[in-house]
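Taking it in order: structure first as structure tokens, then the write-up.
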Amino acid sequence: MADEATRTAFLEIQASMIDLTGKLKQAVVITVALNMIQCHIEVIRLLFPVVQTQMRNKEGDRKRAYLTLEELRPLPPHTNTYKSIGILSLSLSLSLSLEEREWFNLIILSTFPRMIYSFCFINRFLLEPKTVLEGEQEQKLKDSEATIASLQTSRENLEKKIAEVENNLRELLQQEPGITRQIMSMSM
């Protein structure tokens, strides 16, 4: 009889242990799933503005190339044009000799009297035929449009992933109503 009572108690404890182990495994799986969903949401949240900014920048590049082409097209075919190749930045340092400072004062500051003395910014231009500049602008336009299309696809993929993650989260919450309570307790 004592053996029978011990055996029954042991079987009850074993059944309880199996039940608790199953619940614990389920809780671990749910926690891992929630963490994965949270990571996906965070990655998407970080990537979305980056893609948006890149699209805006490329749209600006595309507009500049288009407007430049519109200005170049009416010009005669053999016209020489100036292409901006950047800004030259000069700065005076204390190591300049007196002759170098006098040269700088004479040439640069007399030409640009309102310029700050310690820094000088000069636009640099290159003389090129119209056809070369047109070709470069057309290539920039094509490259920008291709990049914009690629970024648009990336943006659409991110939007799909957002919808997928939301659906996964919704399904998870519907399967286990206790998770909602866990989430609410964690957020407070």
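Can you list the residues, at least 5 places off or on another chain, whose amide H is less than 5 Å from the amide H of Thr81, using H built in the peptide plane?
The answer is Glu128, Lys130.
Using a Förster distance of 30 Å, how high is the FRET efficiency between Gln152 and Ile37, based on the Cβ-Cβ distance and rounded to 0.05?
After rounding, the FRET efficiency stands at 0.70.
So for the pair Arg45, Ala9, with labels modelled 7 Å out along Cα→Cβ, what separation do we get in nm?
Taking the two extended label points, one gets 5.2 nm.
Every number here is computed from the coordinates shown, using simple stated rules; none is lab data. It should be emphasised that the depicted structure is a prediction, and the values quoted were computed from it without experimental measurement. Don't worry about glycine lacking a Cβ; one is built from the backbone with ideal geometry, like all the others, and counts go over all protein chains shown.
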